[in-house]
Amino acid sequence: MTSPPRDVQLYAMAAGTTVLRCRSWNRLRFEIEYGLERGTTANSYLIQADRTALIDPPGESFNEIFLAALERHIDLHQINYIVLGHINPNRAETLKILLERLPEVTVVCSNPAGLALKDLLPDVSPRLRIIRGGGDRLDLGQGHDLQFELIPTPRYPGGLATFDPYSGVLYSDKFFGAHRCDDTVFDLSWHDLLEDRRYYFDCLFAASARQVLAALGRLTPLPFQILAPGHGPVVRYSPRELVQSYRDWAQAQTSQDLSVALIYASAYGNTATIAQALARGITKAGVSVESINAEQASPDDIKAAVENSAGFLMGSPTLGGHAPTPMQTALGIVLSTASKAQPAGVFGSFGWSGEAIDLLESKLKDGGYSLAFDPIRVKFKPTDVTLKYCEEVGTDFAQALKKARRAKQPRTPASAVEQAVGRIVGSLSIVTACQGEVSSAMLASWVSQASFTPPGFTVAVAKDRAIESLLYPGHPFVLNILAEGRHLGPMKHFLKPFAPGEDRFAEVETEMAENGAPILTEAIAYLECTVDQRMECGDHWLVYATVQAGRVLDGEAKTAVHHRKTGTHY
């Protein structure tokens, strides 16, 4: 089934205000934030009063259709201002075209974004209006007196929010978005968007929780009625609920008792994407991340992050055969600050060579630090497989930190409640899943039938399992049920620790199910399933799946069950 072509949806969303939603029904880019593969929208906004402002033009992949739609709607020369919530190489390409056509237009942006523009568009000298502090204003007339707030994060240091008091719209750029494409402009069925919103936050903002809370502190006093993000539906029906969710999710991250300092620089966004995947794996495992953009952070910020962390990771691009100066400075701070007991890791992207990665590795090893994994070296843009590998590396790094902490704590016997909970048994099964070139598997013992019509069951999946990211609603998988007396081999195989990216099925006989997931030939029965819902339950996700097909492979064997002595571990 082919997806609809990309298009631009225009809608008059408020007084004098139009949203232009550039829609891609397929996954737009190889970044983990797009991992649910539900398409996305790149939202731009046009405010027309005595003067006209275009807010957040899209990236270059939408150049042609966006400019055509914009010109059908308005004479381009009526645009007086272009407001940038953030800037990156992708968006700079669209901005360059607009500036060539509109040499008199004024670009409104933060100071970090203005400095970045000089590097991204060296041959262009646009008129700039730099917003240097919260509360700066731009009066477009007819009541549209725009107010600006700086909302920087390590990934988006030039973050800028725009509030229009006349319409009550807060243009929030990366904040409060979701990667989901459909015909609905607003979030009328906002409960259905909770999973998309949470996934988007976890990928983009969980590693910047401290900066998120600071941004919320600036934005929540504004009397907004509508949130207008850069991606997904315009938030008309749940703005306060979504802001509160961001606060709850960010506070949950800052309350973790272990943290990792993630220090990086990124010339074209590729190293930042790797950092994002590592951070996703770390936070999944219940360890917080203090993300540090070395190009923006002060030496004191870097020093404090390292001192307060249980381990640290450093990432750098290679520019002209060297690490950028900010990364060299950060490396010096780390070498003089970090304890030799703190595990470390190195990563980076490069075009033709990777000297910066070699520099980080050699300096840390010479300084007496232990690297927890082989340096991650990515040529050009990371792929889905690479990002999954990075996520698993991050999870392993976090689990090692938690294991080291547990080893220092005195062991206590299981309580009566823990022993009683351990008497709850479930069938032993292997969950297998495959999406594109990414596959995974896990041993499951918390499996229970949940419905007759349609036939369905629940399975509990720990948040730090590698397969977790393959088990979102709409995703297919296979439940392979093991036989009593013959379960020890598969159980031992799938319980062993796998290295990041290691093939879970290398030593296992499998067949391919119609839904694309592996069937274990040792199973006594299998079910081809689709995730219908999932619910957050402490340190696990409870996945409810419906069954589309299945077969008993050995009608004489009994199902293996798992007996535990305590309800606190497997």
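When every alpha-carbon pair in the range 116-214 is counted, what percent end up more than 20 Å apart?
55
When the C-alpha atoms of the range 270-358 are aligned to their principal axes, what extent does each axis show, in angstrom, from largest down?
Largest first, the range 270-358 extends 36, 28, 24 Å along its Cα principal axes.
At 1.4 Å probe radius, can you tell me the per residue accessible area of the chain in Å²?
That works out to 43 Å² per residue.
Take the cross-link list LYS363/LYS408; LYS284/LYS403; LYS96/LYS303 and give me the ones stretching past 26 Å between alpha-carbons.
LYS363/LYS408; LYS96/LYS303
Please compute the Kirkwood hydrodynamic radius of the range 427-531 from all pairs of different C-alpha atoms, in Å with one decimal.
It is 13.9 Å.
Please report the antiparallel percentage of DSSP beta bridges with both residues in the chain, rounded to the nearest 5.
Numbers: 77 of 114 bridges.
Antiparallel bridges make up about 70 percent of those DSSP assigns within the chain.
Short version: ³J(HN,Hα) in whole Hz for each residue of the range 279-286, in order, from phi by Karplus 6.51 cos²θ - 1.76 cosθ + 1.60 (θ = phi - 60°), x for Gly and Pro, what are they?
Couplings: 4, 4, x, 5, 5, 4, 8, x Hz.
Using the structure shown, list the pairs from LYS174/LYS381; LYS381/LYS492; LYS388/LYS565; LYS118/LYS174 with a Cα-Cα distance above 29 Å, or answer none.
LYS381/LYS492; LYS388/LYS565
Which residues' amide hydrogens lie under 5 Å from the amide hydrogen of LEU128, considering only partners 5 or more residues apart or on another chain, with H built in the peptide plane?
Excluding prolines and chain starts, which carry no amide H, the hits are VAL107.
Only Lys, Arg, Asp and Glu count, each charged at its Cβ (+1, +1, -1, -1), so figure out the dipole size of the chain about its Cα centre, rounded to 20 debye.
1300
Distance from a point 7 Å along Cα→Cβ of PHE380 to each backbone N in the range 82-125: keep the residues under 18 Å and list them by number.
Within reach of a label on PHE380, which here means backbone N under 18 Å from a point 7 Å along Cα→Cβ, the range 82-125 contributes 89-90.
Calculated from DSSP H runs of 4 or more alone, at -39500 (n - 2.57) each and per residue, what is the 222 nm mean residue ellipticity of the chain, nearest 500?
Value at 222 nm, helices only, nearest 500: -9000 deg cm²/dmol.
Using R₀ = 51 Å, calculate the FRET efficiency as 1/(1 + (r/R₀)^6) where r is the Cβ-Cβ separation of ARG240 and THR2; round to 0.05.
E between ARG240 and THR2, to the nearest 0.05, is 0.85.
When the Debye formula is applied to the Cα atoms of the range 365-413, each taken as the same point scatterer, what base-10 log of I(q)/I(0) results at q = 0.16, 0.17, 0.33 Å⁻¹?
-0.65, -0.70, -1.17
At q = 0.05, 0.07, 0.12 Å⁻¹, what is the base-10 log of I(q)/I(0) for the chain according to the Debye formula with one equal point scatterer per Cα and no solvent? Please give it to two decimals.
Values returned for q = 0.05, 0.07, 0.12 Å⁻¹ are -0.23, -0.45, -1.23.
Please turn the phi angles of the range 499-504 into ³J(HN,Hα) values with the Karplus equation 6.51 cos²θ - 1.76 cosθ + 1.60 (θ = phi - 60°), one per residue in order, whole Hz, x for glycine and proline.
5, x, x, 5, 6, 5
Zone of GLU507 (label point 7 Å along Cα→Cβ, backbone N under 17 Å): which residues in the range 435-476?
Only 441-443 fall inside the zone, counting backbone N under 17 Å.
To the nearest 10 degrees, how steep is helix 239-254 against the longest Cα principal axis of the chain, on a 0 to 90 scale?
So the helix axis and the longest Cα principal axis differ by about 60 degrees.
If you consider only alpha-carbon coordinates, what radius of gyration and Dmax does the range 288-410 have, in Å?
For the range 288-410, the Cα radius of gyration and maximum Cα-Cα distance read 14.5, 51 Å.
Give me the extension gain from ASP300 to GLU514: residue separation times 0.36 nm, minus the current Cα-Cα distance, reported in nm with one decimal.
71.5 nm
Could you work out what % of the accessible surface of the chain is carbon and sulfur, using a 1.4 angstrom probe and leaving DNA, RNA and ligands out of the count?
The computed percentage sits at 50.
Restricting the calculation to Cα positions, tell me the Rg (one decimal) and the Dmax (whole number) of the range 426-466 in Å.
Reported Rg and Dmax, both Å: 11.9, 33.
Under the Karplus relation 6.51 cos²θ - 1.76 cosθ + 1.60, θ = phi - 60°, what is the ordered set of whole-Hz ³J(HN,Hα) values for the range 479-496, x standing for Gly and Pro?
Listing the rounded values in order: 9, 9, 8, 8, 9, 4, x, 10, 8, 5, x, x, 4, 5, 5, 7, 8, 5 Hz.
Report D for the range 26-133 in µm² per second (integer): Stokes-Einstein, Kirkwood Rh on Cα pairs, 10 °C, 1.306 mPa s.
It diffuses with D of about 108 µm²/s by this estimate.
The values are calculated or read from the model by the stated rules, or taken from the named source; none is laboratory data. Keep in mind that this is a model prediction, so the values were computed, not measured. Cβ sites come from the backbone with ideal geometry, for glycine too, and all protein chains shown count toward neighbours. When the accessible area is computed, the model is the full protein with side chains, heavy atoms only, and any ligands, DNA or RNA have been set aside. Shrake-Rupley method; radii C 1.70, N 1.55, O 1.52, S 1.80 Å.
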